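Asker: The structure that follows is given in the form of structure tokens.
Just so it is clear, none of the values below were taken in a lab; they were calculated from the coordinates. Predicted model only: the values in this text are computed from it and were never measured. Cβ coordinates were reconstructed from backbone atoms using ideal geometry, including for glycine residues, and neighbour counts include every protein chain displayed.
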Amino acid sequence: MNPKQLAAEKAVEFIEDGMVVGLGTGSTAYWAIHKIAQRIQEGLRIRAVASSRDSEELANKLGIPMVPFSEIEVIDLTIDGADEVDPHLNLIKGGGGALVREKILASNSKRFFVIVDESKRVEHLGQFPLPVEIVPFAANFTINKLKELGCNTRIRMSNDKEYITDNGNIIVDCNFEKIVEPKELNKQINLIPGVVDNGLFTRLVSSLIIGYNDGKVMVIDQP
Ligand SMILES: O=C(CO)[C@H](O)[C@H](O)COP(=O)(O)O
């Protein structure tokens, strides 16, 4: 089994009958969604919400019962991947472009489980360019303000066009190389007019589940 699948399937073991489950986005979350569907076929009774149109589509295809956000107060457990994880369980997310919805789900979940393979663990965040979702209006002004924070910026493209998020916005990938104070940087970025949110997730993770190439899985709980 590949390490992403290992981590994903371990996380799904924590789902219990009656839960509202948040579905993440990406190639690791993909395995979690498949395993959840399998458990539903075996009798598990849950309802789910998704962090992207792609995950919602996959969940619908696999027969996972989806619930409108207006019908729930809180999410019991969200399972999602990450692009980088530091030793304090701070994350960079958004490689798949779903960071805004992912952060909304994570922030409104009783528990937030992050599933990764070992390649995602880093000493300091920032080698992976930080995705920042911004509104398209006067994007050059917003990008200039981002540059003032000390990063190189690149507008994310898809098939020679600007990548458009599920929320109708664009993504600027900001290369900081090394992020020393993720909590502070998260605040500074989100104070820039035009920024919707960024991919720094601080103090949100309940447990990190790591899949290894040798078949081992490790669960690290937030102390
Ligand atoms: O944040 C994300 C999507 O916006 C993903 O969780 C992140 O990019 C990790 O992806 P993968 O599981 O494919 O490695």
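Asker: With charges only on Cβ, +1 for K and R and -1 for D and E, what is the dipole size of the range 130-197 about its Cα centre, in debye, rounded to 20? Let's see the in-between values first.
Answerer: Numbers: 8 positive and 10 negative charges, 27 e Å.
Dipole about the Cα centre, nearest 20: 140 debye.
Asker: Let me ask something additional. Can you bin every Cα-Cα distance in the chain into 5 Å intervals starting at zero and give me the percent of pairs per bin, rounded to whole numbers?
Answerer: With 5 Å bins starting at 0, P(r) equals 1, 7, 15, 19, 19, 16, 12, 7, 3, 1, 0.
Asker: Under a point-charge model restricted to the Cβ atoms of Lys and Arg (+1) and Asp and Glu (-1), what is the dipole moment magnitude of the chain relative to its Cα centre, in debye to the nearest 20?
Answerer: Working: 25 positive and 31 negative charges, 30 e Å.
The dipole of the chain has a size of about 140 debye.
Asker: Using θ = phi - 60° and the Karplus relation 6.51 cos²θ - 1.76 cosθ + 1.60, list the HN-Hα couplings for the range 93-108 in order, rounded to whole Hz, with x at every Gly or Pro.
Answerer: Values per residue, Gly and Pro as x: 10, x, x, x, x, 10, 4, 5, 5, 5, 6, 4, 5, 4, 6, 10 Hz.
Asker: Pop the C-beta distance of H88 and E42 into the FRET formula with R0 = 30 Å and round what comes out to the nearest 0.05.
Answerer: Numbers: r = 37 Å, r/R0 = 1.22.
It comes to 0.25.
Asker: Can you list the residues, at least 5 places off or on another chain, whose amide H is less than 5 Å from the amide H of V196, using H built in the peptide plane?
Answerer: Amide H neighbours of V196, under 5 Å, 5+ apart: E133, I134, V135.
Asker: Most mobile of M157, M19, M66 per a Gaussian network model of the chain (Cα springs, under 10 Å)?
Answerer: M157
Asker: Still on this structure, please answer the following. Distance check, please: which entries in K187/K216; K93/K161; K35/K178; K10/K93; K110/K145; K178/K216 exceed 31 angstrom between their Cα atoms?
Answerer: Values: K187/K216 36 Å; K93/K161 22 Å; K35/K178 35 Å; K10/K93 20 Å; K110/K145 34 Å; K178/K216 29 Å.
Beyond 31 Å between Cα atoms: K187/K216; K35/K178; K110/K145.
Asker: Then there is this: Between the DSSP loop rule and a limit of at most 15 other Cβ atoms within 10 Å, which trypsin sites (Lys or Arg not before Pro) in the range 137-223 are left? It would help to have the intermediate numbers written out before the result.
Answerer: Numbers: sites: K145, K147, R154, R156, K161, K178, K183, K187, R203, K216; in loops: R156, K178, R203, K216.
Loop-located and lightly packed - K178, R203, K216.
Asker: Along the range 144-159, what does the Karplus equation 6.51 cos²θ - 1.76 cosθ + 1.60 (θ = phi - 60°) give for ³J(HN,Hα), rounded to whole Hz, x for Gly and Pro?
Answerer: With the stated coefficients, the range 144-159 comes to 4, 5, 5, 4, 4, 7, x, 10, 8, 10, 8, 6, 5, 10, 9, 6 Hz.
Asker: Under the rule of at least 5 residues apart or a separate chain, name every residue whose amide H is placed under 5 Å from the amide H of D117.
Answerer: Here the answer is G211, since their amide H atoms fall under 5 Å of that of D117.
Asker: For the range 130-197, what's the radius of gyration and Dmax over Cα atoms, in angstrom?
Answerer: Cα radius of gyration and Dmax of the range 130-197 are 11.5, 34 Å respectively.
Asker: Also, quick follow-up: Using θ = phi - 60° and the Karplus relation 6.51 cos²θ - 1.76 cosθ + 1.60, list the HN-Hα couplings for the range 30-41 in order, rounded to whole Hz, with x at every Gly or Pro.
Answerer: For the range 30-41, the Karplus-derived couplings read 3, 5, 5, 4, 5, 5, 4, 4, 4, 5, 5, 4 Hz, x marking Gly and Pro.
Asker: Now, a different point. Please give the FRET efficiency for N60 paired with K147, using the beta carbon to beta carbon distance and R0 = 45 Å, rounded to the nearest 0.05.
Answerer: Details: r = 40 Å, r/R0 = 0.90.
Efficiency, from the Cβ-Cβ distance: 0.65.
Asker: Under a 5 Å amide H to amide H cut-off, with H placed in plane at 1.01 Å, what residues pair with A50 once short-range neighbours are removed?
Answerer: Placed amide hydrogens put L23 under 5 Å from A50.
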